[in-house]
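Inspection log for the structure reproduced underneath, given as C-alpha cells.
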Number of protein chains: 4
Amino acid sequence: MAMREFSAQELNAEFTDSVPDIANLNVTVEAQQPGGRLRMRARVGQNNLRPGGTVSGPTIMALADWAIFISILTQIGPVEMAVTTNLNINFLKRPQPNDLIAEVSLLKLGRRLAIGEVSIFSDGEDQPVAHVTGTYSLPPVSSASAVAAGN
Amino acid sequence: MAMREFSAQELNAEFTDSVPDIANLNVTVEAQQPGGRLRMRARVGQNNLRPGGTVSGPTIMALADWAIFISILTQIGPVEMAVTTNLNINFLKRPQPNDLIAEVSLLKLGRRLAIGEVSIFSDGEDQPVAHVTGTYSLPPVSSASAVAAGN
Amino acid sequence: MAMREFSAQELNAEFTDSVPDIANLNVTVEAQQPGGRLRMRARVGQNNLRPGGTVSGPTIMALADWAIFISILTQIGPVEMAVTTNLNINFLKRPQPNDLIAEVSLLKLGRRLAIGEVSIFSDGEDQPVAHVTGTYSLPPVSSASAVAAGN
Amino acid sequence: MAMREFSAQELNAEFTDSVPDIANLNVTVEAQQPGGRLRMRARVGQNNLRPGGTVSGPTIMALADWAIFISILTQIGPVEMAVTTNLNINFLKRPQPNDLIAEVSLLKLGRRLAIGEVSIFSDGEDQPVAHVTGTYSLPPVSSASAVAAGN
C-alpha cells in the first residue's frame, strides 16, 4: 500500500520529544521488517515501577500504544493525525523490573483505519507479559499527503 | 456483598504514594456513593499533554485503571493483590488540556473477578472523552482477609 | 447531528428479514428515546440455549451487535454500510433461560465512526448478564445520503 | 501444565452436540499442535450469510469463542465449566461466502484464567477477516478433576 516504507528509527525520534510520557520511557527501535513489523525497547526506570518491583500497567499500555502508532507511520508517513480509537489489553503475567520489549505487527492497514497487534515481553523472557490490539483512525489521504510532504 | 464499605479517599491516599504514575497525576476522590460508584479528578500538567494541547492517551488509561482499582477496594478492603487482567478503552473525542474527571461504577463484583466501567470527561464538559471497561482478578478470600487485617 | 430520527421499529423490521441470525432471534424494539437510546427484546428459544439452561454467548453477542447497529441507524438513516469494526464484551453473570433485554445508547456519533454501549439483561432481572461496547465504521456522507434517499 | 493433552477432535465432538449454535456451524478440527494450538473449520451455510454474500459477524464470533474453548480443554480436560468472561474482536475485512478457518493459540494458561487468541480467515485467503482475544474463567482445580474424572 505504501510506495515506500519509512524508517521507524527516525519516526520514533521525530515524535518522541513532543510526548513526555514516551520521552520518559526512552523507547528505541531495535529492528524493523517490511509491513510495519517492529521490535522496540522501553528503558524501565524507578518511575515505571509498582510496589513489589513490577512494571506499572500504564507503562505497558503507553509502550503498546506508541509501538502501534510508529508501526503505522512506517507505512503511511509521518502524519500526526493518526489517533487511537480503541485499545484492548490483556495482562498475562507479572512483569519483571526490567526493560520492556514490544513486538508489533499490523493486522490491517485500510484507508480509514489501521489495526495493530503487540506482544510485550520482559527483556530476556519468552512468555509475553501483555498482549494488546489497537485501532487507529487515519487522516483522509489528501491531508496525509500534505503533512507527509511538509516533513 | 461487603460487610462495610471503605473510604475511597483514604484508600486512594494510602496507595497513591507507592505508584509514581498515579502520584504524578495527583488523583483525588471527589464523591463516593454506595456500591463502588466514585467521581475522581486527575490534575493534568505539562507532563500529560500531547502536541496540540490535548491530554495523552496513557494518562487517560492510567486514570481509568486507577479509578476501577480504588472502586473495587472500597468494596473488598485495602488488598494490594487485585490485578488488572483486561482493559478496553474507546477514545471518543479529543480531550481539552484541562483536569480529567472519572466517573466509575462496578458492573460485577464476584469472588474471583470484578469488572468496572469508567467514563472520562474533560472537566466542565458533558460528553465523555473516553469510555473504559476493566477486569480485575481478586485474591482468594482468606488471603484478602489476612492482608486487610494487616492494614 | 441527525436532521430527524428514524423509527427503530421500522428499521429493525426492514433489516431483520435479510439476516437469518437475527430473524431467528425475533428481536423487537420496545422503547426508543432521542439520541439512539433503545430497549430491545430477543425471544430466546431452544436454539439459543446451552447445557444447563443458560443462553449461549453468541446469542448475546448477536443481540448486542444488532442493538448498536439499529441504534446508529436511528441517527443516520437506513444505510446498509455501517460495519462493525470492534466489539468488546464482558460476560457478567449466567443468564436465565428467558428472553434477553438490551439497553443500548451511543457513546459517540462521528462522521466516520460511531461507538455504542449495551447492557444485556435476562428479562425481569436487575443485574446485567453482559456489557458490550461496539465501534462501527460509517459510510462517507454522500454515499449514505444516496442510500438513504433510495429507501 | 497439563499432564497430557487431550484430543481436540474428540473434545469438539463431545461438546458440539449440546450447543445448537455450534452444531449448526459444523465445526471440525483440522490440525492440532502442542500447547493448545489448533486449526478449525466452520462450514458456512445460508444461515450464516448476510446480504451481499458475506458471513455474519455473530457466526465469526461464535467460531472464535468455540475455538478458544476447545483449545483450553485440550490442556485442562473436558470440563464444562470454563466460561468466557471477556471477548474482544476486531473485524479486519469483509469475509467471502466461504468456509471459515480459525487458527487459535493460548496466550496464557493460569490456574484461574486462560486467555486465547484467534485469527479467522476465509478459506483459501491469506489475510485474516477477524482477530479475537478471549478470557476464560477456569473452575477450581479440585472441581475440574472431579468432572474430568466423570467423563
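Values computed for the structure shown
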read-out	value
Strands (runs of 3 or more DSSP E) wholly inside region D:1-98 that include at least 2 residues being more than 14 Å from the chain's Cα centre (by Cα)	D:83-91
Region D:123-137: number of residues that are within 30 Å of residue D:52 (Cα to Cα) and within 13 Å of chain A (Cβ to nearest Cβ)	9
Condition met for residue D:120 (at pLDDT 95 or above and facing chain A (nearest Cβ under 10 Å))	no
Hey, residue B:12 facing chain A (nearest Cβ under 8 Å) and either over 26 Å from residue C:92 (Cα atoms) or not hydrophobic (A, V, I, L, M, F, W, C) (or both) or not	no
Filter result (within 20 Å of residue D:17 (Cα to Cα) and under 10 Å from the mean Cα position of the chain (by Cα)) within region D:99-108	D:102
Cross-chain or 6+ apart pairs with Cβ under 6 Å, region C:47-64 first and more than 15 Å from residue D:58 (Cα to Cα), then assigned to a loop (DSSP other than H, G, I, E, B) and among the charged types (D, E, K, R)	C:54/C:94
Leading residue by the ranking (surrounded by the most Cβ atoms within 10 Å (Cβ to Cβ)) among those in region A:89-103 that are under 30 Å from residue C:132 (Cβ atoms) and more than 12 Å from every other protein chain (Cβ to nearest Cβ)	A:102
Residue that is surrounded by the fewest Cβ atoms within 10 Å (Cβ to Cβ), among those in region C:109-129 that are part of a loop (DSSP other than H, G, I, E, B) and of a type in the set (Asp, Glu)	C:126
Tally of residues being in contact with a Pro (Cβ under 9 Å, 6 or more places away or on another chain) and away from every other protein chain (no Cβ under 12 Å) across region D:41-56	0
In region B:1-18, the residues that are modelled with pLDDT of 85 or more and either hydrophobic (A, V, I, L, M, F, W, C) or surrounded by fewer than 20 Cβ atoms within 10 Å (Cβ to Cβ) (or both)	B:5, B:6, B:7, B:8, B:9, B:10, B:11, B:13, B:14, B:15, B:16
Among the residues listed as B:35, B:77, B:53, the single one being at pLDDT below 95 and surrounded by fewer than 18 Cβ atoms within 10 Å (Cβ to Cβ)	B:53
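A quick yes/no check of all residues on (1) surrounded by fewer than 19 Cβ atoms within 10 Å (Cβ to Cβ); (2) away from chain C (no Cβ under 12 Å):
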| position | (1), (2) |
| --- | --- |
| D:20 | yes, no |
| D:29 | no, yes |
| D:39 | yes, yes |
| D:58 | no, no |
| D:72 | no, yes |
| D:87 | no, no |
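The values are calculated or read from the model by the stated rules, or taken from the named source; none is laboratory data. This structure is a prediction, so every number in the text was calculated from the model and none was measured. Don't worry about glycine lacking a Cβ; one is built from the backbone with ideal geometry, like all the others, and counts go over all protein chains shown.
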